[in-house]
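Below is one structure, written out as structure tokens, with a few remarks after it.
The values are calculated or read from the model by the stated rules, or taken from the named source; none is laboratory data. It should be emphasised that the depicted structure is a prediction, and the values quoted were computed from it without experimental measurement. Because the Cβ atoms are built from the backbone with ideal geometry, glycine has one as well, and the counts that use them run over all protein chains shown. The protein model used for the area step is the full one, side chains on, heavy atoms only, and it has no ligands, DNA or RNA in it. Shrake-Rupley method; radii C 1.70, N 1.55, O 1.52, S 1.80 Å.
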Amino acid sequence: MTKVFFGLVLSITFLIASKGFVSYVVDGQTYEGYYSSPSKNAPLVFMVHDWDGLTQYEVKRAKMLYDMGYATFAVDLFGKGVRPTQRDEKKKLTGALYKDREKMRVLLNAGLEVAKLQGANINNTVGIGYCFGGAAILELARSGADLKSFIPFHGGLKTPMGQNYSKTKGSVFVFHGSADASVSMQDFANLTNELETAKIPHEMSTYSGAPHAFSVFGSSRYHKKADESSWKRFSEILDETLK
């Protein structure tokens, strides 16, 4: 199927099964997201990957959500097959999107459109993101996207100059490691103040001793207590927020 979306051509290759990768084209570039749903009209978790691209980490999280009764669409912001392994390449890819926020928003909204075309219930959705994906999910929040909640895990928390949360429609929940050397506690405090000023319902959680990327299984930064505690609270938020 092909349609015009935000002035761009969006082509989608449909899935046959309830779980698997789905390819789509935005502005001439092919992207590959991951969709899973345990049942028709299951509440949706819209997921944004970290700076590694969409890998088996996001697929594993989607499987965990599937077992909990939630659908997931993991959007791809880098392009099909673009899965950087070197730090310089990761910085280049994320840096390009940080500099072009309009493109980031187009890709995020295209992902929501693809999820809808797969049968996902985007009217009953929360958005989550990891690291770079956390910054992207806050970008989606500031854009005015009609999601019920926006939830960054160890994400970038700075608000770009000229932006604010005046258009944000859903609540914001932040999971942050207080030992994060990449995203400071000052960033955490500043975001808290911004959300309070904008009267956005929010909940800000920190985990002592947890570094940046504390939820990444098997990595040197993995912090079991912070991961399990944040996932438990996240599960509660899903129960409280989604029908």
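Can you name the residue in the range 26-49 that is open to solvent by 10 Å² or more (accessible area, probe 1.4 Å) and free of Cβ contacts under 8 Å to residues at least 60 places away in the same chain and is also nearest to the chain's Cα centre (by Cα) among such residues? My answer is Tyr34.
This table checks each residue for (1) among the acidic types (Asp, Glu); (2) over 25 Å from Gln163 (Cβ atoms); (3) assigned to a loop (DSSP other than H, G, I, E, B).
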site: Gly20; (1), (2), (3): no, yes, no
site: Tyr34; (1), (2), (3): no, yes, no
site: Lys40; (1), (2), (3): no, yes, yes
site: Asp52; (1), (2), (3): yes, yes, yes
site: Met64; (1), (2), (3): no, yes, no
site: Lys80; (1), (2), (3): no, yes, yes
site: Lys92; (1), (2), (3): no, no, no
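Can you give me the number of residues within the range 65-109 that are open to solvent by less than 70 Å² (accessible area, probe 1.4 Å) and either in contact (Cβ under 8 Å) with a residue 12 or more places away in the chain or small (Gly, Ala, Ser) (or both)?
30
If we scan the range 8-18, do we find a residue that is at pLDDT below 95, open to solvent by less than 20 Å² (accessible area, probe 1.4 Å) and not charged (D, E, K, R)? The answer is yes, given that some residue of the range 8-18 is at pLDDT below 95, open to solvent by less than 20 Å² (accessible area, probe 1.4 Å) and not charged (D, E, K, R). Inspection of the range 45-59 finds no residue satisfying the criterion of being small (Gly, Ala, Ser) and in contact with a strand residue (DSSP E or B) (Cβ under 9 Å, 6 or more places away or on another chain). In summary, strands (runs of 3 or more DSSP E) completely within the range 130-243 and bearing 2 or more residues that are of a type outside the set (A, V, I, L, M, F, W, C) and open to solvent by 10 Å² or more (accessible area, probe 1.4 Å) occur at 202-207.
Residues that are out of contact with any Pro (no Cβ under 7 Å at 6 or more places or on another chain), open to solvent by 20 Å² or more (accessible area, probe 1.4 Å) and either in a helix (DSSP H, G or I) or on the phi < 0 side of the Ramachandran plot (or both) within the range 113-125 comprise Glu113, Lys116, Leu117, Gln118, Ile122, Asn123, listed in sequence order.
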